[in-house]
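Working notes, beginning with the structure itself.
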Amino acid sequence: LIVCATVAFCMGIDKSNVRYVVHYNLPKNIESYYQEIGRAGRDGAPADALLFYTYSDVAMQRDMLEEEESSIKEVKLAKLTRLQQFAESHLCRRRTLLAYFNENLDKNCGKCDVCRSPRQTFDATTEAQKILSAISRANQNEPTSVIVDILRGYRSNKVASNNYDLLKTF
C-alpha cells in the first residue's frame, strides 16, 4: 500500500509502518522537516527520508518571506537559512538535526547520506587563482564562456579579436 500525503493535508498520517518520507520541495524550517520525517518508522523498523533540494526552493521561499508583513519575518528568514545550511551540510544529518534541538550525539549515525558517502573535496586554490587571473586580465569585462575559452586555450573569434590568446592564462 502506498499513501501519498501533502503538507496541504497536514500529513495527518496515523500509521506506525510508514517506511519512506519524501520531500519534493524544501520545508519552511527544520521544525517542520523533523516533524514530517518523524512520521516514518514509528514501529521501530527501518525507515528512510529523502529530501530533494535546490537553491531555487530557498530563493522562492525567501522572496515570499521578504514580501510578508510580519513581526516575526526575520525569525522565519533565519529558520529558512538554518534549513538551507542543514540541506547543504557536510556533517552527519542526524547529529545536525539533534543538535538543532539541543541534543548531542557522541558519534555520527553511520546511516545518513553524509555518513555513507562523504563528499570528496580537493584544494582548488591554483585553479581559482587562474580563473581570477583570467577574469582580471580580460578587464573583468567578459562573459563566463570567454573566460572558459581563455583558460582552455581555445582561440574563439572573441578570444582572437581581443588578443586574449596572448595572455599568460591562455
Which members of the range 12-49 meet the condition of being outside any loop (DSSP other than H, G, I, E, B), among the aliphatic types (A, V, I, L, M) and open to solvent by less than 70 Å² (accessible area, probe 1.4 Å)?
V21, I30, I37, A49
Check D106 against each of (1) more than 21 Å from I37 (Cβ to Cβ); (2) open to solvent by 80 Å² or more (accessible area, probe 1.4 Å); (3) modelled with pLDDT of 95 or more; (4) not aromatic (F, W, Y) and name the one condition it does not meet.
(3)
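I'd like the full set of residues that are open to solvent by 70 Å² or more (accessible area, probe 1.4 Å) and modelled with pLDDT under 65, limited to the range 1-11. First the steps, then the outcome.
As a first pass, look at the range 1-11 and keep what is open to solvent by 70 Å² or more (accessible area, probe 1.4 Å): 1-4, 7-10.
Within the range 1-11, V7, A8, F9, C10 meet the criteria.
Residues of the range 50-102 being aliphatic (A, V, I, L, M), part of a helix (DSSP H, G or I) and under 11 Å from the mean Cα position of the chain (by Cα), which ones?
Step one: list which residues in the range 50-102 are aliphatic (A, V, I, L, M), which gives 50-51, 58-60, 64-65, 72, 75, 77-78, 80, 83, 87, 91, 97-99.
Filter once more, keeping what is part of a helix (DSSP H, G or I): 58-60, 64-65, 75, 77-78, 80, 83, 87, 97-99.
Hits for the range 50-102 are V58, L83, A87.
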Wholly within the range 105-170, helices (runs of 4 or more DSSP H) carrying at least 3 residues that are closer than 26 Å to Q85 by Cβ:
113-116, 125-137
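Among the residues of the range 98-110, is there at least one that is closer than 30 Å to L50 by Cβ, in contact with a Cys (Cβ under 9 Å, 6 or more places away or on another chain) and polar (S, T, N, Q)? Spell out the reasoning first.
Filtering the range 98-110 down to residues closer than 30 Å to L50 by Cβ leaves 98-110.
Within this subset, residues satisfying the condition of being in contact with a Cys (Cβ under 9 Å, 6 or more places away or on another chain) are 105, 107-110.
From what's left, polar (S, T, N, Q): 108.
Checked the range 98-110: at least one residue is closer than 30 Å to L50 by Cβ, in contact with a Cys (Cβ under 9 Å, 6 or more places away or on another chain) and polar (S, T, N, Q).
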If I filter the range 118-126 for residues that are in contact (Cβ under 8 Å) with a residue 12 or more places away in the chain, aliphatic (A, V, I, L, M) and out of contact with any Asp or Glu (no Cβ under 9 Å at 6 or more places or on another chain), do I get at least one hit?
no
Select from the range 71-95 the residues that are out of contact with any strand residue (DSSP E or B) (no Cβ under 9 Å at 6 or more places or on another chain), small (G, A, S) and open to solvent by less than 70 Å² (accessible area, probe 1.4 Å) and write down the one among them that is nearest to T54 (Cα to Cα).
S89
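Are any residues in the range 50-62 open to solvent by 90 Å² or more (accessible area, probe 1.4 Å) and more than 20 Å from Q35 (Cβ to Cβ), and if so, which ones?
Correct list: Y55, M60.
The values are calculated or read from the model by the stated rules, or taken from the named source; none is laboratory data. None of these values were measured; they are calculated from a predicted model. For neighbour counting, all protein chains shown are included, and Cβ atoms are generated from backbone atoms with ideal geometry for every residue, glycine included. In case anyone asks, the SASA skips ligands and DNA or RNA and just uses the protein heavy atoms, side chains included. Shrake-Rupley method; radii C 1.70, N 1.55, O 1.52, S 1.80 Å.
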